[in-house]
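Beneath this line is the structure, given in C-alpha cells, with notes to follow.
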Amino acid sequence: MTVVSLSLTPLDNFLYDTVFSWIKYEGTGASATTYLNGYSQQTLLTTLLICGPFTGWFLPLIEEYYFRGSACTPARHCC
C-alpha cells in the first residue's frame, strides 16, 4: 500500500492543482488535525476514551455475533 500511495502522489498533486483548484481551503490550517485545536484536551480525551472501545471492540463484536450467531443456531447445525 505504501508503494501504491507513493506512486500515486504525482497524480494526486496534478488533480489537486487542475481539477479541484476551485475549492478554497482557507482556514483549514497547516495540518490535517488543525480543526481539533478548537476543543479542550479534556473533551478530546473523553471522546477518545468513549469512542475507542466502541469502534475498536464492541461494534465489531456485535457485528460478528449478528452475522454468525443469528444464522448459525444449534437447530441448523451450520457451524
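The values are calculated or read from the model by the stated rules, or taken from the named source; none is laboratory data. The structure displayed is predicted, hence computed values, not measured ones. Quick reminder, even Gly has a Cβ in these numbers, built from the backbone with ideal geometry, and neighbours come from all protein chains shown.
Suppose we filter the stretch 4-14 for residues that are more than 22 Å from the chain's Cα centre (by Cα), modelled with pLDDT of 90 or more and surrounded by 10 or more Cβ atoms within 10 Å (Cβ to Cβ); how many remain? Number satisfying all stated conditions: 1. Residues in the stretch 10-24 include at least one that is among the acidic types (Asp, Glu) and assigned to a helix (DSSP H, G or I). Return a yes/no flag: does the stretch 50-64 have any residue that is at pLDDT below 85, surrounded by 10 or more Cβ atoms within 10 Å (Cβ to Cβ), outside any loop (DSSP other than H, G, I, E, B) and β-branched (Val, Ile, Thr). Within the stretch 50-64, not a single residue is at pLDDT below 85, surrounded by 10 or more Cβ atoms within 10 Å (Cβ to Cβ), outside any loop (DSSP other than H, G, I, E, B) and β-branched (Val, Ile, Thr).
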